[in-house]
């Protein structure tokens with residue numbers, strides 16, 4: 001007899017598992033004392049390049065929280081860094097690009113990614129983690145728009161002014177950039193799938209800065225290329241961004257199995273926008289977790305009910321775990337989510 | 001015979017003026033060379049306290065652009081600064097609070113605002129500007145949530161973690177803070193109305209960081225108190241925030257005549273959410289203006305058509321003018337908006 005299919009994968013393909021699966025974006029990382037102890041003297045990009053260490057960091061939250069999936073400890077800038085774009089992840093700030101992209105000539109800095117040669121440590125991390133894990137492992141990549149925004153702005157941005165200026169003013173360069181980044185993301189994800197990840201998430205974290213028209217014209221085709229490429233492998237896909245309430249229909253239609261929703265849009269509102277054919281993922285405000293167990297239970301109960309009303313649901317935060325988070329509240333939350341499911345079946 | 005009512009005021013009360021009125025958030029300020037020349041050696045808060053200078057800055061964009069309204073040159077932190085909260089406006093960053101609010105004891109730092117004594121320069125600026133202006137003058141205040149977020153975070157924030165933690169963990173202090181800030185905003189706006197402003201805008205710029213439930217519970221009552229208080233004066237009210245697609249219905253229902261919409265939500269989508277009884281304001285992405293005249297015309301034409309399909313519409317950007325903006329493109333845009341109106345009637 002085969003072991004039962006993991007709840008996360010059941011939900012991702014649109015069925016209702018015996019309990020609601022739960023994991024947390026950024027569950028591995030700064031909020032865990034065992035992570036801070038491990039990564040005392042190394043930069044994030046250095047830690048990612050040490051498979052033993054990266055695999056251990058990937059496993060830590062599964063052991064501590066009992067979540068239904070691990071997510072690879074890596075970063076969306078790893079592939080571009082690996083092909084020679086100078087990038088540093090500055091603690092408390094995010095990725096910073098040494099020489100931001102300014103125009104067509106910068107396209108030459110993006111050669112194709114050869115994952116086995118450029119990011120062998122990622123594939124080795126997956127192999128090590130898979131040997132230890134008894135839950136699915138999620139691989140991921142940055143979507144072309146979000147990665148482009150770092151390359152062009154040079155770091156995190158509030159307004160995405162330079163990115164939009166390039167998009168509007170130099171469409172040939174923009175579309176060439178999107179295509180190059182789509183091929184890089186797709187190559188990375190394909191290699192992760194070949195190495196053993198059970199699902200992938202495409203992070204278009206900042207797509208919510210765009211109007212629907214601009215998303216449809218300038219971003220969607222490249223993301224679709226990535227998602228459809230992975231769809232051909234049969235591996236479940238999650239498509240996620242922040243503040244994407246107006247884009248959910250387009251982001252779901254880009255070719256995904258699961259659509260991530262942040263807390264600004266309730267799952268009850270998201271459901272009719274994307275339709276029944278998708279699994280919803282989300283969407284507790286990470287700031288609620290800081291308010292303690294009572295507030296977390298109250299909001300989680302509402303979200304679980306809205307998820308159940310929709311159908312397939314993967315519980316998650318609406319964005320990454322905040323560094324100030326008390327891990328004890330997340331441990332309790334996982335149990336709360338699992339108990340809710342049992343009560344409902 | 002009375003002169004015709006200004007288009008902005010016609011639209012604000014729900015009628016269709018002879019041409020679409022247009023103004024720009026942050027039209028006075030950093031993007032204008034004549035502003036940079038005037039304010040060479042003073043801080044923003046110092047400039048605001050010099051009525052001759054502040055009135056001149058208020059008038060500059062009306063002269064240059066031919067917009068249908070002036071907006072008072074001031075800042076949403078002026079009232080709290082005037083009652084003794086240490087605050088500095090750091091160029092390129094925004095308001096920074098010397099000692100951020102942490103809990104109940106900080107409530108003592110918010111005494112009632114007595115506008116005639118605390119901010120006489122604001123009222124004098126209005127008097128001077130009104131003598132020169134032949135278009136309506138818009139006064140404004142920061143909504144309680146957005147001002148609170150600066151007081152608590154100590155400056156601009158991406159996550160509003162501390163603000164939400166106080167909101168969730170200490171409701172008595174939170175509601176007392178909202179009430180105090182609502183009374184300060186209302187006192188300031190009433191004094192501006194008495195001094196002669198023709199309309200007011202309540203800036204809840206960061207309300208879009210909240211879920212609808214949290215907005216309804218923790219923010220809406222205080223904003224409603226401000227808006228209804230001004231409603232009693234008969235002065236038209238504009239209610240604005242960024243990324244508020246999911247909150248538009250609530251923000252309109254808070255008691256306003258005009259509802260501001262940023263570019264993330266098309267006016268076509270906003271229209272059914274708020275209903276026909278409101279004038280829409282917006283919503284060109286300020287980044288589009290950086291792309292030049294052609295891109296600006298194309299997007300403005302779409303927005304004007306969506307506004308016309310709704311009914312009353314005040315053209316504006318979806319957020320403030322970016323510092324890098326070419327003023328020539330805005331001059332052209334005002335003419336484009338005015339011509340569209342003529343073609344449609």
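No value in this document is a laboratory result; all are computed from the given coordinates. Owing to the predicted nature of the structure, the values given are computational and were not obtained by experimental measurement. So basically every Cβ, Gly included, is an ideal-geometry build from the backbone, and we count neighbours across all protein chains shown.
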Burial ranking of peptide ranges A:206-213, B:331-338 (average Cβ count within 10 Å, highest at the top): A:206-213, B:331-338
Alpha-carbon Rg/Rh ratio, for segment A:1-143, with Rh computed the Kirkwood way: 1.02
Ranked output for segments B:179-185, B:129-135 by mean other Cβ atoms within 10 Å, highest leading, reads B:179-185, B:129-135
Treating the angle as unsigned and between 0 and 90°, give the value, to the nearest 10°, between the Cα long axis of helix A:293-310 and the longest Cα principal axis of chain A. 80
Express the Stokes-Einstein translational diffusion coefficient of segment A:166-239 in µm² s⁻¹, to the nearest whole number, given a Kirkwood radius over alpha-carbon pairs, 37 °C and a viscosity of 0.692 mPa s. 251
Simple SL model, points at 7 angstrom along Cα→Cβ for residue A:269 and residue A:194; separation in nm is 4.3
How fast does chain A diffuse by Stokes-Einstein, in µm²/s, taking the Kirkwood radius from C-alpha pairs at 4 °C and 1.567 mPa s? 64
Label 7 Å beyond Cα on the Cβ vector: residue A:156 copy-to-copy distances, nm: 1.2
Run the numbers on segment A:37-176 and let me know its relative contact order in percent, using alpha-carbon pairs under 8 Å that are six or more apart. 29
So, in nm, how far is label residue B:52 from label residue B:339 when the simple model puts each one 7 Å beyond its Cα toward the Cβ? 4.0
Set the Förster radius R0 to 41 Å, insert the Cβ-Cβ distance between residue B:88 and residue B:326 as r into 1/(1 + (r/R0)^6), and round the FRET efficiency to 0.05. 0.90
So the pair-distance distribution of segment B:185-304, from every Cα-Cα distance in 10 Å bins, comes to percents of 13, 41, 31, 13, 1
Cα axis of helix A:144-153 to longest principal axis of chain A: angle in degrees, 0 to 90, nearest 10? 60
Would you mind checking the radius of gyration and Dmax of the protein assembly as shown based on alpha-carbon positions, in Å? 25.7, 92
Cα axis of helix A:120-132 to longest principal axis of chain A: angle in degrees, 0 to 90, nearest 10? 10
If you project the alpha carbons of segment A:253-345 onto their three principal axes, what span does each projection cover, largest first, in Å? 36, 30, 18
Taking every residue of B:210-216, the Cβ atoms of other protein chains inside 10 Å of its Cβ average out to 5
Say a paramagnetic label sat at a point 7 Å from the Cα of residue A:134, along Cα to Cβ; which residues of segment A:21-65 have their backbone N under 17 Å from it? A:22, A:59-65
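Given contacts defined as C-alpha pairs under 8 Å and at least six residues apart, what's the relative contact order of segment A:1-104, whole-number percent?
Over segment A:1-104, the number comes to 21 percent.
Grab the beta carbon distance between residue B:179 and residue B:2, set R0 = 35 Å, and tell me the FRET efficiency rounded to 0.05.
0.30
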Sticking with the crude label model, points 7 Å out along Cα→Cβ, report the distance from residue A:171 to residue B:104 in nm, one decimal please. 6.1
For chain B the mean separation of alpha carbon contacts under 8 Å (6+ apart) over residue count, i.e. relative contact order in percent, is 21
Over the alpha-carbon set of segment B:231-281, work out the extent along each principal axis and list the three values in angstrom, largest first. 32, 20, 16
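Taking N as the number of residues in segment A:53-102, what is its Cα Rg relative to 2.2 N^0.38 Å?
Normalised by 2.2 N^0.38 Å, the Cα Rg of segment A:53-102 equals 1.47.
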